[in-house]
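The structure appears below as structure tokens.
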Amino acid sequence: MTDTLDAAPQTLDEIPREPTQDGPKVRLYLVDGSGFIFRAFHALPPLTRKSDGLPVGAVQGFCNMLWKLLVDMKASDDAPTHLAVVFDHSEQTFRNKLYDKYKAHRPPPPEDLRPQFPLVRDATRAFGVPCLELPGYEADDLIAAYACKVRDFGGEVVIVSSDKDLMQLVGPQVTMLDTMKNVRIGPEQVVEKFGVPPDKVVDVQALCGDSVDNVPGAPGIGIKTASALILEYGDLDTLLSRAHEIKQDKRRQTLIDFADQVRLSRELVRLDCDTPLPSPIDELAVEDPDPQVLADFLELMEFRTLARRVVEARGGAAPTATPAPAETKGPQVPQHAAIDVTTYQCVRDVETLDAWIARARAAGIVAFDTETDALSSASAELCGVSLAVAPGEACYIPVGHQDEAAGGLDFEEPADLAQIPCEEVIARLKPLLEDPAVLKVAQNAKYDMAVLSRYGIEVGPIDDTMLISFVLEAGLHKSHGMDELAKRWLDHEPISFKTVAGAGKAQKSFKHVPLSEATCYAAEDSDVTLRLYEHLRPRLAHEHLLTVYETLERPLPKVLVEMELAGVKVDPERLRQLSNDFAVRMGELEIEAHRLAGRPFNLGSPKQIGEVLYQEMGLATGKTTGTGATSTDASVLEDLAAQGHELPRTLLDWRQLSKLKGTYTDNLVAAISPRTGRVHTSFSLAAATTGRLASSDPNLQNIPVRTEEGRKIRKAFIAEPGHVLISADYSQIELRLLAHIGDIPQLKQAFKDGLDIHAMTASEMFGVPVEGMPAETRRRAKAINFGIVYGISAFGLANQLSIPREEAGAYIKTYFDRFPGIRTYMDRMIQQVRSQAFVTTIFGRKVHIPAARGKSQAERSFADRAAINAPIQGAAADVIRRAMVRMPDALRAEGLTARMLLQVHDELVFEAPEAEAEAVIAVAKRVMESAPEPAVALSVPLVVEARAAANWDDAH
DNA sequence: TCGACGCGC
DNA sequence: TGGGATGCGCGTCGAT
């Protein structure tokens, strides 16, 4: 191989495996990754990836720096034997326990920077360099710990950073390197900066403090004074104990008054050399990057210049052929051996468990899945956890398996069910599942996160194969469940749950499934998940959907878990009373209906209603259902009632009550969790192709609101004592987005002027002034506005407004004449869906509409309407998702304890202490109205209306 | 398991 | 030509 990287003085074989052994001296380069990201972000002009607008400036700066370092290193006399990039883990460290204001004023990282954090770690790995990070510690502490260790073994350390906080580590064997300014920092440079040698830097920093990190220090003392004092008295303790000797009155008093604060400051700035090392030093040995992995990464990031440099440095020619178009090439997918469930391991002792955890850490990635004894994550108990560290390398860790209650004539030998105690498993898995340096992968991560959060584990960082599939192929498949994905991509049919647990009446809880079978089933799920991840994840970047995934999907499971676990309080007494009331009135209506029909019949059966109305009473409207049966739906019954018939009205009234009672009152009471006394819905992220969420078990997105009777149910949604419910909803969000997307000047102006949009539409269409406009005129315009969003036809509008079809057709024609931009928008979408079979939202979400390739005209018409609607409905869904992602932090930043409980497509419902109501409304409005920014600058304002009240109906 | 119906946005 | 003729969900019920 002529790879120039091989020309480095040491090859892998010569690198000592143990730094303690005799042999070539260790020379460790530690790159301050976190410091570098921020520096690159602020120093370099903003750069976005051309294909999809993903901000990548800091990643590019980082890659250039790392590449330059690797090249320079080889040429230099002090080339490293070992190398790692060190990252901060979380905002909470032991320093926050010492001093709660430590780094408290730090604003959250800029929005453009956040998606780049994981990418920089990807970059590091692509260059074949280990990433180091540790929960509860800053990068500086890890750097200190490694530096001390290597130094004590007689090795050398080069810290690639310009952070002054690291200068305390400089010494004969430890230097710093500022690659951006290309300067070395040794003891001399430290004296230049602090006026004292490195071993006194901590004392000086303790005295002068640091406003950026919120280290208090002593007021009025800066570097000059501090270093002079330390030089005079020798060290900080001596200075403080002899503070009374200081001549200057003010300075003397300051040091006496603030002695404790200075000592605390010293603890905050002193780096901890005893920080545990996440990886042994010999695992940091310099290795050449895998050329293919690196090339693939640079290609994905579209760093063409750097990619060319890397190829040239290797001695190869720069690629001359133009790469194939992105859509046709497809990313590389690794090939693996077929799935074999007999190879999985059942983990039943801690040594084996620890070995699996170590393998996961070494791999830096682990797929996992939780097995539970129930479907609802809010109540499910853990039965076990499976892990996969590589394709085919998976295990199952049972924790709650039991013998089935031995009853009757069961003489079978009791199975060996020895398992590691649940608490032990949780305690050992927690650090792994929370480790920022280990990526977790799950299928439908929300479920596992909800289950594990009740065991005190906050899983992260995490990728979700279901959401990746959804981003790539929403609309192409009805479900993105694992079994379907496995069949589609791995050509493999996983063991079904039914096979191991049985079905129907005979179904048993997973905890009663024998361990051997449970292991095959559970471990296979993790194995499949990991393989799916390897298959699907590369496509995100390749198909320019990484930003959609990172911003609109990946952050949401965590947010939704919090909402689902919070639940919403309902008043069971009120609902029971309503239910009784409904039942009584239904009984009366039923008697009345039987009397009118002349015989008893089932009011709940459309078929029997048809017999009574159409055959026996001879009524007719002619409307039929899809299967040819005569329809009895509400619009038909309304027509018949309008003709003066009594029975249809009775049926309509009965149906309304039946619906309310059957769907809402009774079931909501049944849905109250005995554990929390609240109702916990489940939100689905991958249900509606447009990106809307869906709610189920129970569905809290279709609680009645339109009728007086229905609103009684809404009134049963209440807040805890001393709290209020707050409802914040977007006003006309879909029409506003249509105005923006379709670029409709009159609509945009009307929204900017805050006009009544339906009245303005009516005025524009019918040429009547808004003032004194008849209500009916406005109603018609409103129906048209909504119809347009849904791709309505003249027939549909005629039905909606009960007007002749010709008249409806004329309205639509007038509408298009007045707002020609809308016709243009519709035609554009129809053309796009017919040529590509998908449309996109302004945020980049892709909605596939395969019916556009359908055989029948009906199918294609359907596709046309979906194509008109999807970019609007989808953009609205994207907007509220963005608001939801930011909401918890925004509330917390204002010191508010309010919680987000529900999302109803254009509405968010919160629960807050009464005293917080106003502040919460302000935050909710701000976050929701600015949600599109900075990704999209809308040409219309978004307006959110919010109210607080004791129940949902009054708040809405 | 399916279709009809009806609740929401 | 002419049938079918507003988007996206979920839950209940009766009929099969």
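The values are calculated or read from the model by the stated rules, or taken from the named source; none is laboratory data. What you are looking at is a predicted structure, and each value in this text was computed from that prediction instead of being measured. Glycine gets a Cβ as well: all are built from the backbone with ideal geometry, and neighbour counts include every protein chain shown. Accessible surface is based on the protein model in full, side chains and every heavy atom, while ligands, DNA and RNA are left aside. Shrake-Rupley method; radii C 1.70, N 1.55, O 1.52, S 1.80 Å.
Quick one: A:F601 ticks every box in (1) more than 10 Å from DNA strand C (Cβ to nearest atom); (2) modelled with pLDDT of 85 or more bar one, so which box is it?
Only one criterion in (1) more than 10 Å from DNA strand C (Cβ to nearest atom); (2) modelled with pLDDT of 85 or more is unmet by A:F601, namely (1).
Out of (1) without any contact (Cβ under 8 Å) to a residue 40 or more places away in the chain; (2) more than 22 Å from A:R531 (Cβ to Cβ); (3) open to solvent by 30 Å² or more (accessible area, probe 1.4 Å), the odd one out for A:V399 is which?
Looking at each condition in turn, A:V399 falls short on (3).
Which number in (1) within 30 Å of A:E776 (Cα to Cα); (2) within 16 Å of DNA strand B (Cβ to nearest atom); (3) not aliphatic (A, V, I, L, M) marks the one condition that A:T824 misses?
The number of the failed condition is (2).
For the subset of region A:19-36 comprising residues that are assigned to a loop (DSSP other than H, G, I, E, B) and open to solvent by less than 80 Å² (accessible area, probe 1.4 Å), which member is modelled with the lowest pLDDT?
In this case the residue turns out to be A:P19.
Identify, please: which residue in region A:660-719 is near DNA strand B (Cβ under 9 Å from one of its atoms) and among the small types (G, A, S) and is, among those, farthest from A:D878 (Cα to Cα)?
A:G710
Assess whether A:A739 counts as being closer than 28 Å to A:L556 by Cβ, in a helix (DSSP H, G or I) and away from DNA strand C (no atom under 15 Å from the Cβ).
yes
Could you please find all residues in region A:850-866 being part of a helix (DSSP H, G or I), more than 9 Å from DNA strand C (Cβ to nearest atom) and not acidic (D, E)?
Of everything in region A:850-866, those that are part of a helix (DSSP H, G or I), more than 9 Å from DNA strand C (Cβ to nearest atom) and not acidic (D, E) turn out to be A:P850, A:A852, A:R853, A:R860.
Output the number of the condition that A:R39 fails; it satisfies all remaining conditions of (1) basic (K, R); (2) open to solvent by 20 Å² or more (accessible area, probe 1.4 Å); (3) modelled with pLDDT under 80.
Only one criterion is unmet by A:R39, namely (3).
Using the structure shown, decide if A:G128 is under 24 Å from A:P280 (Cα atoms), under 27 Å from the mean Cα position of the chain (by Cα) and not in a helix (DSSP H, G or I).
Working: under 24 Å from A:P280 (Cα atoms): yes; under 27 Å from the mean Cα position of the chain (by Cα): no; not in a helix (DSSP H, G or I): yes.
Considered against the rule, which asks whether it is under 24 Å from A:P280 (Cα atoms), under 27 Å from the mean Cα position of the chain (by Cα) and not in a helix (DSSP H, G or I), A:G128 comes out as no.
Can you tell me which of A:V879, A:V847 is part of a strand (DSSP E or B) and surrounded by 20 or more Cβ atoms within 10 Å (Cβ to Cβ)? Step through it out loud before you land on a result.
Working: A:V879 fails: part of a strand (DSSP E or B).
Answer to the check: A:V847.
Go through region A:892-921 and report how many residues are open to solvent by 10 Å² or more (accessible area, probe 1.4 Å), under 17 Å from A:S727 (Cβ atoms) and in a helix (DSSP H, G or I).
6
Give me the pairs: first residue in region A:464-486 and over 20 Å from A:F683 (Cβ atoms) and assigned to a loop (DSSP other than H, G, I, E, B), second residue open to solvent by 20 Å² or more (accessible area, probe 1.4 Å) and at pLDDT 95 or above, beta-carbon distance under 6 Å, and six or more apart or on different chains, which are they?
These pairs meet every condition: A:L476/A:H848.
Determine whether A:L693 is buried (at least 18 other Cβ atoms within 10 Å of the Cβ) and either modelled with pLDDT of 95 or more or small (G, A, S) (or both). Step through it out loud before you land on a result.
Details: buried (at least 18 other Cβ atoms within 10 Å of the Cβ): yes; either modelled with pLDDT of 95 or more or small (G, A, S) (or both): yes.
Yes, satisfied.
Name the helices (runs of 4 or more DSSP H) wholly inside region A:591-668 in which the number of residues that are among the small types (G, A, S) and surrounded by fewer than 19 Cβ atoms within 10 Å (Cβ to Cβ) is 2 or more.
A:634-642
For region A:141-178, give me each residue that is open to solvent by 20 Å² or more (accessible area, probe 1.4 Å) and either over 19 Å from A:T81 (Cβ atoms) or part of a helix (DSSP H, G or I) (or both).
Scanning region A:141-178 gives A:K149, A:R151, A:D152, A:S162, A:D163, A:K164, A:D165, A:Q168.
Return the residues of region A:935-956 that are part of a loop (DSSP other than H, G, I, E, B), of a type in the set (A, V, I, L, M) and either within 15 Å of DNA strand B (Cβ to nearest atom) or within 20 Å of A:V568 (Cβ to Cβ) (or both); say none if nothing qualifies.
Scanning region A:935-956 gives A:L942, A:V943, A:A950.
What pairs come up if the first residue lies in region A:780-801 and is without any contact (Cβ under 8 Å) to a residue 60 or more places away in the chain, the second is near DNA strand C (Cβ under 6 Å from one of its atoms) and open to solvent by 10 Å² or more (accessible area, probe 1.4 Å), and their beta carbons are under 6 Å apart, counting only those six or more places apart or on different chains?
Matching pairs, first to second residue: A:A783/A:Q800.
Scan region A:559-580 for residues that are under 12 Å from A:L657 (Cβ atoms) and either open to solvent by 60 Å² or more (accessible area, probe 1.4 Å) or modelled with pLDDT under 90 (or both) and jot them down.
A:N580
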